[in-house]
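See below for the structure under consideration.
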Amino acid sequence: MASHLLTQLRVRPGTAPDLTNRDTDETFGWDKVEAKAELEVVKQRLDALQVRLFAERTRSLLLVLQAADAAGKDGTIRSIFSGLNPAGVRVTSFKVPAGREVEQDYLWRVHAACPAKGEIGVFNRSHYEDVIVVRVHHIVPKAVWSKRYRHINEFERMLVDEGTTVVKCFLHVSEEEQRQRLQERIDNPEKRWKFRAGDLEDRAKWPAFQAAYADALTATSTSSAPWYVIPADRNWVRNLAVAKVLLDTLERLDPQLPAPDIGIEQITVV
Ligand code: AMP
Ligand code: MG
């Protein structure tokens, strides 16, 4: 069941994600009330698997979240990881590079934020900004960013070889849904802090961003570090879909509790 969903969401290596034909409003026939209840069940299973991953301490999981502004990266993280042990989860939000980050290569800060053995790492934006916003805003020339797809594939390959499972989710919202959410950020005083004038400049470049995403997903969805395109116009669909991708990935990892010290069964604590 889950794996059929995953096949549907996954960008097959070597193929384009066909973003314009993927329905951002897809519900997979799910019912909202049932989906919310199911999310709670999935979260409990994620929690149990996280305990094992943490105890095993030999492998890690990295979830990369990329999306347009207001697509719900923060909300996804809050909804899925709220039930897990914070000690084993490491969330990193990547902003415009500053200070030393500017002076190093673009993967420097990314590598430093990767999860340690036993951890689940979550990237709220990532090295993909270096082939997306950087391209759309002409921050570096094409000759520079176009080489980065290969670096990224090789970097992720290294992470995988060294014990990190890499899962990448693109939260796919429609242009109209983004308009409504940005307007809500302006109208609702509680949400204004999330709004930047630059969001409108980026919104005006919507087609260029979509093209950059399409190219990035095409070039970097690999069998070892696949991209999943998550329909994100409805928060409850988005949350459950990402949670299911994570659950499937962790179940396949099947982390094992370490063997106890020999003879522990004979011990009585007095
Ligand atoms: P937010 O995620 O809303 O807090 O915004 C973070 C901003 O930082 C976004 O506009 C990103 O495009 C921008 N950003 C993140 N990484 C980079 C990067 N490597 N180069 C340029 N801008 C970036
Ligand atoms: Mg923002």
Q | Cα-projected label distance for residue 174 with residue 196, points at 7 Å along beta-carbon direction, nm | A | 2.8 nm
(Q) Please return the longest range in the chain lying between exposed loop sites, taking GluC sites (Glu not before Pro), DSSP loop only, at most 14 other beta-carbon atoms within 10 Å, and leaving the sites out. (A) 1-161
Q: Could you sort out which of 168/191; 117/205; 43/142; 73/142 sit more than 32 Å apart by Cα distance in this structure?
A: 117/205; 43/142
Q: Name the residue farthest towards the positive end of the dipole of the chain from the options 8, 195, 66, assuming +1 on Cβ of Lys and Arg, -1 on Cβ of Asp and Glu, about the Cα centre.
A: 195
(Q) Which one, 48, 224, 107, is farthest towards the positive end of the dipole of the chain when Lys and Arg carry +1 and Asp and Glu -1 on their Cβ? (A) 107
Q. At a probe size of 1.4 Å, how large is the accessible area of residue 91, to the nearest 10 Å²?
A. 70 Å²
(Q) Restricting to Cα pairs below 8 Å that are 6+ residues apart, what does the relative contact order work out to for the chain? Please round to a whole percent. (A) 36 percent
Q) Pick from 111, 127, 172: which is most flexible by mean-square fluctuation in a GNM of the chain where alpha carbon atoms under 10 Å apart are linked? A) 111
Q: Assign one of three labels to the range 69-223, namely rounded, prolate or oblate, based on the Cα gyration tensor with a ≥ b ≥ c the square roots of its eigenvalues; rounded applies when a/c is under 1.5, prolate when it is not and a/b is larger than b/c, and oblate otherwise.
A: oblate
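The values are calculated or read from the model by the stated rules, or taken from the named source; none is laboratory data. Quick caveat, the model's predicted, so the values are computed rather than measured. Counting neighbours? That spans all protein chains shown, and the Cβs are built from the backbone with ideal geometry, glycine included. Surface areas here come from the heavy atoms of the whole protein model, side chains and all, with no ligands, DNA or RNA. Shrake-Rupley method; radii C 1.70, N 1.55, O 1.52, S 1.80 Å.
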